[in-house]
Structures are given as C-alpha cells and as structure tokens.
Amino acid sequence: KKMMRRSYRFMAAAAVCSLAATKLTAVCAFAPPSSSSSFLSSKQSAPQWLPTTTMTTTTIGSKSSSIHQLSMLPSSTLQLTTEEPANSLIYTILHTPTLWSILAMTSIVALLVLWEETIHNIRSSTPKAIVPVIDSMLAEVGGLGFIGLFLSTVVTGGPLGQIIGRLSEDYLGDEELLLEAFEFLHTFFFEVGILFFVVAGVCVGAVLEEVNKLSEISELALDADGDGEVTLDELAEALDVSCMIVDTDGDGILSEEEKIDALKSTASNYNFIQAIIAERSMSEVDRAGECLVARERILGKYSLPQEFEIDAYFGKIFGENLEESVELSPITWLPLIPLIALENSVDLSRDVVSASSSNAFESCGYFFATPWVFYPTIFFQALSLTWALFNFWKMTSIKKMLLPTLVTDGVNGEAALLPPRYTIDEIRNNFNSSPSIFAWGEQFFTGGGAKTSPPRNEHEELFGAVGAKFEGVYRDSMRFSTWLCVALIVYSTTQIVFRDMAALYLHSANVGNPEGLVPELIVWIIFTASAVFQLSLAPTTFLNYCFVTSVEEYVKNDIVDEVMREVELCET
C-alpha cells in the first residue's frame with residue numbers, strides 16, 4: 001500500500017509537470033520575439049556545451065570590404081549567410097521550452113521525494129530518544145517555510161512590497177535594501193534553527209553513547225571476577241576510592257554515626273574553577289562508577305531486585321527530558337533580536353545586506369571599529385560564557401551532594417557506601433548553589449524563586465534560590481544557553497569571520513576599514529572559539545541535569561516500573 005501511495009504521488013507530480021509544460025509551451029510558441037537582433041544575440045550567447053550551428057558564407061563577387069564600404073556596394077557583391085544546424089534533432093529538442101519546463105519541475109519533485117525518503121530512513125534508524133529532535137526539527141522547518149512563503153507572496157512580491165520599498169527608500173536610501181534584509185534574516189533564522197537541532201542531537205547522542213557504554217565498562221573494567229555483577233569491593237578497587245577508618249569503635253558494624261563522621265571528613269571543598277576542571281577531566285570509568293553507586297542507593301532505598309538496569313532507566317530519563325528540551329516557541333527568538341540588530345546595522349548603514357552582497361567588503365573592519373556594536377557584542381559573549389559555565393557548575397555541584405560516597409574501611413579493608421552528603425544537615429546548610437549575583441538572577445527570572453516556590457524536601461533545598469521550580473527553569477536555561485551559543489556561532493562565522501578572511505585572501509581594495517580588518521578577524525575568531533567551548537559543555541551539563549532530577553526524592557517511579565516490566569519480559 002505504501003508503494004502504491006508513492007506511485008500515485010509520482011503519477012500526480014508527472015501530470016502536474018506535463019500540464020505546466022504544455023501551458024508554458026503554448027505561451028512560448030505564440031509569444032512573438034521582441035526583435036530580430038535580440039533573437040540573434042540570444043543564439044550567439046548560448047552556452048558552449050550546447051550544439052552550435054555551422055555558419056556557411058557564400059560570397060558573390062570577389063571584393064572584400066569593410067562595413068562602410070559594404071553599404072556602398074551593389075547587391076550583387078553582398079555576402080549571404082545561412083545557418084545549417086550541426087544536428088537538427090538535438091538542436092530542436094534542446095531549444096524546446098517544454099523540455100526545460102519538465103526538467104525543472106521533475107527536479108523539484110525528485111528533491112521532495114528524496115527529502116521524504118531521507119526523513120523516513122532517519123526516523124527508522126535513529127534511537128528512540130533522538131526521535132523528538134527530528135520531530136521538532138521538522139516542525140521548525142515547516143514554520144520557517146511558512147514564513148518564507150509569507151514573505152514571498154505578501155511582503156517581497158505582494159501587496160506589502162511597495163510599502164516596505166517606500167519605507168526602505170525614505171529611511172535607508174535604497175528601495176530594495178529592506179526587502180533584501182527580510183530575506184537575509186529569514187535565512188539566518190533558518191540556519192540557527194537547524195544548527196540548534198543538530199547540536200541537540202549531537203549532545204543527546206553523546207549522552208546515550210555514555211549510557212550504552214555503562215554495561216560494557218561495568219563488565220570490562222569493574223567486574224574483576226567476571227561473575228556478571230559488580231560488587232562494592234570491586235567498584236572501590238576499580239575507582240581507587242579513598243581509604244579511611246570508618247568503623248571507629250572496631251566492632252565490625254558501621255553505625256549511622258560512624259558513617260556521618262566519615263562523610264563529614266570526605267566533604268570536598270572544590271571552588272568554582274576546580275569543580276569544573278574535575279568534572280571535565282572525569283574518565284568514562286569514573287562516570288560509570290557514579291551511575292553504579294547511584295544504582296546501589298536506588299536498590300537499597302526502594303527495595304528493587306538486582307536485575308534492575310540503571311542504564312535503561314537513565315536512557316528513558318534522557319529521552320523524556322530531551323523531548324521537552326528541544327521544543328522551541330517563537331519567544332525563543334526574542335533574545336537574539338538586540339544582538340543581531342546591532343551587528344546587522346553595520347551592514348545596512350553602508351547599503352550592505354549581508355556577507356553575500358556584492359559590496360559586502362565595505363563593512364569589513366567596522367564591526368570592530370564601531371563602539372556601540374563592539375562593546376555590546378563583548379557583553380553578549382561574556383554573558384553567554386558565564387551562563388554556560390554556571391549551568392555546568394550548578395549541575396555538577398548538586399550531583400556531588402546527591403551521590404553516595406564510596407570508601408574503603410582502613411580497619412577491615414571492606415568497601416562502605418556512605419549516604420549522600422545532602423542528608424547531613426551541617427553539610428547541606430553550608431552548601432550554596434546560588435552564590436552572590438546568581439541568586440538575584442534566579443529569583444528575578446523565576447518570579448521570586450524559592451520565596452514563591454519554597455523547597456518541599458531536603459533534595460530541593462540544594463537547588464538554591466530557584467527553589468522548587470528548578471526542574472523546569474534549568475531545562476529552559478540549558479536550552480536558551482545552547483540557543484544563544486548557536487546563534488553567536490552562525491552569525492560570527494558566516495557574516496564576519498568568513499567575510500574578513502575572504503577580504504584578506506583576495507587583497508580586496510574595497511575593504512571599508514583596512515586598519516580594523518585584522519583585529520576584527522582575530523577578535524571574532526576568539527568569540528567563535530568561546531561559543532564552541534560552551535557547546536562542548538552541553539552534553540555533560542545535560543547528563544548531570546538528568547541525574548539530579550532522577551535520583552533520591554526525584555526518582556521516577558513510573559520509569560522504574562517500566563524498566564522492571566521490560567526486564568521481566570526479557571526473562572520470560
């Protein structure tokens with residue numbers, strides 16, 4: 001049935017192409033040529049790969065004269081020129097409008113079919129967790145396609161075109177400038193949207209790869225005796241955990257008081273930079289060990305069997321969060337307006353639309369030399385970097401508080417799993433994930449934060465000034481931060497870096513500000529490198545966010561039940 005539907009679509013497309021071709025042929029056939037001179041010139045300017053005509057010259061008389069002399073000669077001495085096609089059939093076919101009409105429309109239909117088949121193959125071969133990225137991308141492509149249709153039918157080529165052209169001529173000095181700016185900004189929005197979904201897919205793909213490696217790492221690196229189960233002793237040996245005296249009274253039993261005292265002594269005092277470096281340099285084995293330690297905590301707290309698969313649990317958590325993280329509303333574009341408007345004004349003030357304009361080099365150097373553009377750009381870049389680093393640090397610090405601590409008892413050499421640090425009042429009260437100005441920012445952007453949505457348990461106390469709104473607020477925070485990074489990369493590279501590099505390579509004499517060209521190129525390359533670094537933090541930030549919102553008080557019981565049903569189904 002699917003093949004029949006596709007055949008019907010091909011037949012319908014062919015019918016449309018034939019009908020349009022027939023109409024175009026009729027129009028071309030009855031349309032008189034404007035003049036004989038234009039007709040001849042069009043033939044003479046045909047591409048070289050087309051069949052050419054053979055010019056046969058017959059001379060009546062023996063005189064050779066100039067054009068001026070030729071006009072004075074009698075008709076008997078004039079030269080007669082005739083055209084003989086080299087291949088009359090091919091020449092006739094290639095000069096038939098119907099052929100080119102059919103080829104053009106068939107190409108469009110072929111592209112549509114290719115698009116449909118590509119999407120179908122991607123959806124069928126993509127992990128389930130990444131399917132929401134594809135769906136959101138298709139929805140965004142549809143939305144941007146509607147905008148393009150609206151611009152072409154209503155704005156640039158429709159009733160609003162004259163109004164916008166008049167405004168452009170009155171205030172910008174060029175009737176076409178504002179219309180072309182609409183087209184450029186629409187294309188820019190499209191590029192940013194597509195790249196955002198690509199980055200989202202890459203991020204979640206990297207996270208899923210780490211989850212899929214969890215069982216492999218457990219077997220190869222952690223399961224020392226090869227019995228298929230990683231014990232606490234094997235885990236402690238593989239991760240090289242701290243050795244300390246936990247059983248202080250030597251009775252062979254670890255009391256809660258002894259665990260608490262040991263936990264206080266292991267509390268880390270990493271500062272902001274140290275915590276980021278430690279998390280970035282963490283090995284795959286250490287990260288897998290964290291998941292297995294969390295698994296032991298979940299098994300003990302919720303009395304789950306040993307068959308519980310932590311990798312399947314986290315995989316479903318990632319898919320659930322990803323589906324909500326890639327949903328974009330039109331409001332998402334608003335933060336981009338000030339930055340793009342400032343930088344695009346450098347082009348518009350010089351009658352340049354974008355880097356693809358013929359006079360684009362006239363803006364080179366002025367992005368750097370214009371203070372009211374350069375300094376706001378530095379502000380946006382600093383804001384983006386601080387935002388990405390803070391998201392990364394906050395998720396990392398909260399994760400450390402929620403993780404159980406694995407140590408080796410210095411008395412009997414046995415591994416001991418200490419409770420998470422947040423369960424100790426003294427440690428939790430000294431923990432602050434919203435330092436200084438960040439607390440004010442969280443309260444401002446969340447409508448009061450913890451004041452209006454106070455924490456409901458000890459777990460939510462770790463979220464700082466944002467309070468119980470943490471889960472939704474920081475999912476949006478990561479999404480907007482990634483969105484801003486992508487926008488900065490797209491604009492910096494396509495509109496400034498590549499343009500400046502081309503101007504340097506071509507040694508163009510049309511550079512608007514030669515003195516500022518090289519400094520501008522260097523600065524915007526640094527901006528681009530900073531944005532790329534911020535994107536490199538996104539997978540780990542997302543991984544830790546999923547962790548802190550799926551353990552302890554945030555364990556998703558419905559997903560636990562779903563994983564256990566799948567385990568039971570596999571066993572049966």
Inset, instruction - Would you mind getting me the FRET efficiency between residue 529 and residue 303? Use the beta-carbon distance for r and R0 = 56 Å, nearest 0.05. - result: 0.65
Inset, instruction - Find the centroid of the Cα atoms in the range 442-513 and in the range 300-352, then give the distance between the two in whole Å. - result: 10 Å
Legend entry - Rounded to the nearest 10 Å², the accessible area of residue 501 at probe 1.4 Å: 100 Å²
Legend entry - Estimated distance in nm for a label pair at residue 282 and residue 174, the labels positioned 7 Å out from Cα along Cα-to-Cβ: 5.2 nm
Inset, instruction - Could you calculate the FRET efficiency of residue 150 with residue 553 from 1/(1 + (r/R0)^6), where r is the beta carbon distance between them and R0 is 41 Å, rounded to 0.05? - result: 0.30
Inset, instruction - May I ask you to compute the full-extension gain from residue 440 to residue 329, defined as 0.36 nm times their residue separation minus their alpha-carbon distance, rounded to one decimal in nm? - result: 37.4 nm
Inset, instruction - Quick one: which residues, 5+ away or cross-chain, put their amide H under 5 Å from the amide H of residue 405? H built at 1.01 Å from N. - result: 418
Legend entry - Exposure of residue 169 as accessible area (Å², to 10), given a probe of 1.4 Å and all protein chains: 90 Å²
Inset, instruction - Can you sort 117, 566 by 1.4 Å-probe accessible area, starting with the largest? - result: 566, 117
Inset, instruction - Anything over 22 Å Cα to Cα? Flag those among 301/394; 301/451; 316/556; 316/451, in the order listed. - result: 301/394; 301/451; 316/451
Inset, instruction - Provide 184, 445 ordered by accessible surface of protein heavy atoms (probe 1.4 Å), highest first. - result: 445, 184
Inset, instruction - May I ask you to rank 283, 453 by accessible area, largest first, using a 1.4 Å probe over the protein chains only? - result: 283, 453
Legend entry - Extended-chain gain in nm, criterion 0.36 nm per residue less alpha-carbon gap, residue 121 and residue 518: 138.4 nm
Inset, instruction - Provide the solvent-accessible area of residue 115, counting protein heavy atoms only and rolling a 1.4 Å probe, rounded to the nearest 10 Å². - result: 130 Å²
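The values are calculated or read from the model by the stated rules, or taken from the named source; none is laboratory data. What you are looking at is a predicted structure, and each value in this text was computed from that prediction instead of being measured. Backbone-built Cβ (ideal geometry, glycine too); neighbour counts: all protein chains shown. The accessibility values were calculated without ligands, DNA or RNA, using every heavy atom of the protein model including side chains. Shrake-Rupley method; radii C 1.70, N 1.55, O 1.52, S 1.80 Å.
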